[in-house]
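Before any comments, here is the structure.
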Amino acid sequence: MSNIKNNASSQETQAKLMEAAGKVFAERGLHAATLKEITDLAGANQASVNYHFKDKYELYGAVIRQAIRLTPFTMPEEGMTGSPEDRLRAYVAHAIRDLHDPSRPAWRATLVSHELNQPTAAMDAIMDELIWPRVRFVRELICELLGPKASAEEISRGAFSVSSQILHFLYNTGLLRRIEPDLVRPENADKLAAHIAEFSLGGLHAMRSRRRRKGHHSQGKVKSRGSI
């Protein structure tokens, strides 16, 4: 006898619950959301949640895992070749376009934003699978852009500055729509990505130039002392 949970009708109910839960959790957050809201939206009864997920918290964990699966860190080919400047531009463009990908549910980024601001047990998975792979990639680029003499502090600050711009636009769209709605319109995604990349590169190049000037100034002092 086949597993009832694996039949088509059961899978359809589970999918509807996941989609409805994603929307409700994104709008209301884990603690404020109720199973009634979710099941009403899914057109299912509350017993179906207990059957498929045991309780609201297991359902939330399943939805977070789905959001992570829908946000893989897969850089396009142009993001892995070329100069570090070109790779940074490709990375930023890829990250911003991801927000407007029509093949992925709109609740995905909002749900992750809730988790980042009000962490639950699911936060570890988000850090391990969403955040850290991107942070490591950006840090490697910053190392190249700042040069071999860059300090660990400079690299960390540079990576934080670049990543925080992207995260702000990815996970604070509700706020941005109220302040500068044109910035987060899908048709302006490429312009936004280009701005973030050029703004970041300008700052990073300035950091490297400032360190060089300080180095030359220090060498000059050493030479003048030795000549006395």
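Since every read-out is calculated from the coordinates, none of them should be taken as a lab result. A quick note: this is a predicted structure, and the numbers were derived from the prediction, not measured. As a convention, Cβ positions derive from the backbone with ideal geometry for all residues, glycine included, and neighbour counts pool all protein chains shown.
Mean Kyte-Doolittle of at least 0.0 plus a Cα span of 18 Å or more along the axis: flag which DSSP H helices in the chain meet both, please. Write down the numbers at each step before the final one.
Values: long enough: 8-28 (29 Å, -0.51); 56-69 (20 Å, -0.16); 84-99 (23 Å, -0.52); 132-146 (21 Å, 0.44); 152-171 (27 Å, 0.34); 189-227 (57 Å, -0.98).
Counting only whole DSSP H runs, the qualifying helices are 132-146, 152-171.
Remark: C-alpha extents of the chain on the principal axes read 92, 34, 33 Å, sorted largest to smallest. Within the range 56-74, name every residue whose backbone N is under 14 Å away from a label modeled 7 Å from Cα of D101 along the Cβ vector. Label zone hits: 66-74. Measuring r between the beta carbons of V135 and E180 and using R0 = 22 Å, the FRET efficiency lands at 0.25. Each residue of the range 4-68 gets 73 Å³ once the volume of the Cα convex hull is shared out per residue.
Each Cα pair under 8 Å and six or more residues apart adds its sequence gap; the mean of these over the residue count of the range 1-120 is a relative contact order of 27 percent. Applying 1/(1 + (r/R0)^6) with R0 = 30 Å to the Cβ-Cβ distance of K54 and Q118 gives a FRET efficiency near 0.85. Note on the chain: helix-only mean residue ellipticity at 222 nm, from DSSP H runs of 4+ residues weighted -39500 (n - 2.57) and normalised by residue number, equals -23500 deg cm²/dmol. Could you work out the relative contact order of the range 4-68? I mean the mean sequence separation of Cα pairs under 8 Å and 6+ apart, divided by the number of residues, in percent. Reported as a whole number, the value is 35 percent. Our summary gives the range 72-223 a relative contact order of 31 percent, counting only alpha carbon pairs under 8 angstrom and 6 or more residues apart.
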